Structure formats: structure tokens, C-alpha cells
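Structure first, then comments.
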Amino acid sequence: MFGESGSGKTVLLSSFYGAAQEAEFRAKSMFDLLAMKTADGYSLHKAYLGMRDSARVPGATRFAANSYGFSLRLRSGISAGSKKPKQSELMRLVWHDYPGEWFEQDASGPEEAERRVDAFRNLLGSDVALLLVDGQKMLDYSGEEDRYLKSMLTGISNGLLALTDDLLVGGKPLAQFPRIWVLALSKADLLPNLDVYAFRDTLVTNASDEIEELRRVLAGLVQGSDALSVGQDFVLLSSAKFTPGKIEVTERIGLDLILPLAAGLPLERHVRWAKARNQLGKVGENLLGAALGLATALGGAGALAAKLGKGNKIAAGIGLAVGQLGSTVEHLVGLAGDGLRAANARALAKHDYLTALTTDLLAGLEQGEEQNILIKGR
């Protein structure tokens with residue numbers, strides 16, 4: 001999650017985790033969201049409770065970046081009735097948090113400069129990047145949004161350009177890279193009359209050149225740059241409704257989309273890209289990685305995965321992989337509406353919880369579009 005200082009990255013993280021610990025979430029969810037480090041869980045939950053009970057905003061991330069790992073695990077007892085329950089861990093998510101000042105200020109010395117490079121290497125190993133547009137600044141610059149948007153996007157582009165030589169080992173473009181860059185309006189509660197289409201139109205009207213420049217910078221970092229989506233996906237996010245002396249954490253916008261965006265969106269997009277790029281060796285392998293891993297777990301490509309694990313040439317195997325995905329993941333990502341809900345119901349009835357989770361994530365994306373808080377690139 002990329003964004004300037006004060007854009008809301010840390011608050012979104014605390015609200016995302018804290019909301020998943022509430023009784024309401026646990027009552028309707030088939031999984032628990034657990035922090036992989038106990039200390040992280042306590043820290044994030046404490047920050048969330050500070051917002052909920054004391055209207056205290058979490059402190060900003062300063063000086064060092066942090067990566068928070070989360071595990072989605074089947075809730076205890078949910079696999080009852082299944083003769084052979086699947087493993088309890090369904091998915092892992094890693095959320096990278098870093099000081100927003102890193103795009104705004106020079107490093108204080110060699111040690112901080114090294115920490116920045118290490119942090120951005122981690123960030124750029126993700127599947128999805130969310131680039132935050134600060135809703136408070138959009139409000140502050142009402143009528144002249146172009147001043148803020150051009151400055152913010154240019155700052156991100158220049159910050160990445162300054163790190164290019166350090167990020168590219170031997171000057172070689174990266175195969176592992178976030179190929180989906182979602183433009184996200186944080187603090188969307190401050191702009192209640194702005195739906196996701198108006199947000200997109202504001203960006204296109206005021207900063208289309210800067211979005212294209214960001215895409216050019218990113219394309220210079222990645223192998224297979226035509227398999228890159230920048231400024232085609234848009235989402236509204238708000239961690240809570242903030243009023244003087246009160247933070248209403250139940251009035252969130254878009255936080256239920258974090259998991260679908262992190263897991264469902266790249267699954268959907270990478271399957272399509274992999275089909276179009278089945279001859280491209282390492283790039284094809286990376287595009288297919290998440291989808292193939294899930295297909296293996298769903299039972300649709302296990303034999304192929306075993307072959308690839310023994311060192312078979314990936315270029316020769318990608319086409320076969322995509323073919324086998326046709327009966328598993330590709331089928332799921334092609335579903336919509338009633339078909340998606342029916343697949344979810346069948347999976348639950350069969351105690352096939354990974355398929356149930358996958359269809360649930362894809363349905364979450366569809367619901368976000370219906371609510372006008374998400375636009376998916378076509």
C-alpha cells in the first residue's frame with residue numbers, strides 16, 4: 001500500500017485487522033483472520049480498540065517499514081461432517097506498511113537509505129499495489145484538485161526513479177512485481193457525494209499525464225511490461241467515520257474489499273495474462289504462479305505442478321497449465337452473479353472450503369462494483 005505521509009495507510013491496516021476480530025465478523029465468516037506474529041496482533045487490535053472506544057487515532061509509521069503477515073484459517077469446527085477436512089490454513093496475506101515520508105524527504109543517512117531499499121524490494125514483491133489518494137487533501141484542494149494530484153503522483157514516480165538502480169539487481173527488470181496498481185481514495189467518508197466513477201473521472205481529468213508517467217516508470221522496472229495494469233482499477237476506502245470526539249468504526253467503506261483485491265483480483269487478471277503470454281518463460285511463470293498454486297490446491301493441476309517442481313521447462317509447461325486451469329480457476333473467474341453464488345453454495349455443501357473462499361472473494365469484487373465503490377479494469 002503506497003501513499004504519502006498522513007494518507008491513512010496505518011489506520012486502514014488497524015481497522016482491517018480489528019474489524020475481523022469483532023463478533024459480527026466471526027459470526028458470518030467461515031474463517032478467522034489471525035496475525036502470524038502474536039505481538040503484531042495485539043498491537044493492531046489495541047490500535048483498533050483505541051479508535052473504537054477512545055476516539056484515538058493510531059500513530060503514524062515512522063523511521064522503519066513493517067510487514068504484517070495474516071493467516072486465513074477455517075474456523076474451529078466448521079469442517080465437521082467432512083470425512084477428510086482440508087488443511088485449516090486457506091490463505092496468507094502480507095500487508096507492507098512504511099513511512100510515507102520516504103517519498104517526501106531524503107534519507108537521514110546510509111542506514112535509513114538501506115532500510116528504504118530493503119522495504120521497497122519487499123513492497124515490489126507483492127501481487128497488488130494500492131496507491132492511496134488522500135481524501136482529506138482532495139477536500140482541502142477542492143476546485144483545484146489538479147495541484148494535489150499532479151504533485152502526489154509525480155512524487156511517487158520520482159521516488160521510484162530515484163531507487164531504480166538499487167532495486168534492479170544488475171540492471172535487470174523484475175519478473176516478480178505488483179502488476180496491478182489500484183488507485184484508491186482513502187478517507188472516502190469525507191467525500192460522501194463522490195462515488196468511484198466520479199473519483200475516476202476526477203483523476204483522469206486532472207492527472208492523466210501523471211498516471212501515464214507512473215505507468216512508464218513502472219514499466220521500466222518490470223519484465224513483460226504489457227502485462228501491467230496502472231490506473232485501470234479504482235476503489236473507495238474508509239477505515240471509519242471520524243467526527244469530533246468519536247470514531248465510528250462500524251461505518252467503514254471498502255475494507256471488505258481488501259482481501260478480494262489482494263487475492264481475487266490478481267487471480268482473475270493473471271489467468272488472463274498467462275493465457276496471452278504462454279510462451280514467455282519466466283514472465284509467464286510469475287504471471288501464472290498464484291493461479292497455478294491455487295489450481296493445485298483445488299485439485300486441477302497437481303500433476304503438472306509436480307512436474308514443474310522437478311525442473312521441467314516452464315515455457316513448455318505454461319500452455320498445458322493454462323489448459324488444466326480451464327477446468328478449475330479459469331472456470332471460477334469466468335463465473336458471475338447467480339453462477340458464482342451457486343458455485344459457492346456447492347463448494348460449501350461439499351466442504352470444499354478453498355473453492356468456497358475463492359468464489360467468495362470473486363463475489364466480493366462483483367459486489368464492490370454493484371455498490372459503486374470499485375471499478376475493475378477490463
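Within the range 38-54, can you find the residues that are in contact with a strand residue (DSSP E or B) (Cβ under 7 Å, 6 or more places away or on another chain) and under 26 Å from L354 (Cβ atoms)?
If the condition is that a residue be in contact with a strand residue (DSSP E or B) (Cβ under 7 Å, 6 or more places away or on another chain) and under 26 Å from L354 (Cβ atoms), then D40, G41, L44 are the ones that fit.
I'm trying to understand the selection: among the residues of the range 120-172, which are small (G, A, S) and open to solvent by 10 Å² or more (accessible area, probe 1.4 Å)?
Passing the criteria: G125, S126, S142, G143, S151, G155, G159, A162, G170, G171.
Identify all residues within the range 200-227 that are open to solvent by less than 40 Å² (accessible area, probe 1.4 Å) and either out of contact with any helix residue (DSSP H, G or I) (no Cβ under 8 Å at 6 or more places or on another chain) or without any contact (Cβ under 8 Å) to a residue 24 or more places away in the chain (or both); write none if there are none. Working first, answer last.
So in the range 200-227, the residues open to solvent by less than 40 Å² (accessible area, probe 1.4 Å) come out as 202-203, 206-207, 210-211, 214, 217-219, 221-222, 224, 227.
Hits for the range 200-227 are A219, V222.
Quick check on my filter: what residues within the range 23-33 are under 14 Å from L255 (Cα atoms) and open to solvent by 20 Å² or more (accessible area, probe 1.4 Å)?
Listed by number, the list holds a single entry, F25.
Among the strands (runs of 3 or more DSSP E) contained in the range 197-282, which hold 3 or more residues that are modelled with pLDDT of 95 or more? Give the steps one after another, and end with the answer.
Working: elements: 229-236, 241-243, 246-248.
Result: 229-236.
Just checking, does the range 156-174 include any residue being in contact with a strand residue (DSSP E or B) (Cβ under 8 Å, 6 or more places away or on another chain), closer than 15 Å to A207 by Cα and outside any loop (DSSP other than H, G, I, E, B)?
yes
Which condition number does R121 fail, the rest of (1) touching a helix residue (DSSP H, G or I) at 6+ places or on another chain (Cβ under 9 Å); (2) modelled with pLDDT under 75 being met?
(2)
The values are calculated or read from the model by the stated rules, or taken from the named source; none is laboratory data. Treat the numbers as computed from the prediction; the structure is a model and nothing was measured. When we count neighbours, we look across all protein chains shown, and the Cβ atoms used for this are built from the backbone with ideal geometry, even at glycine. Protein only, heavy atoms only, side chains kept; ligands, DNA and RNA dropped before computing areas. Shrake-Rupley method; radii C 1.70, N 1.55, O 1.52, S 1.80 Å.
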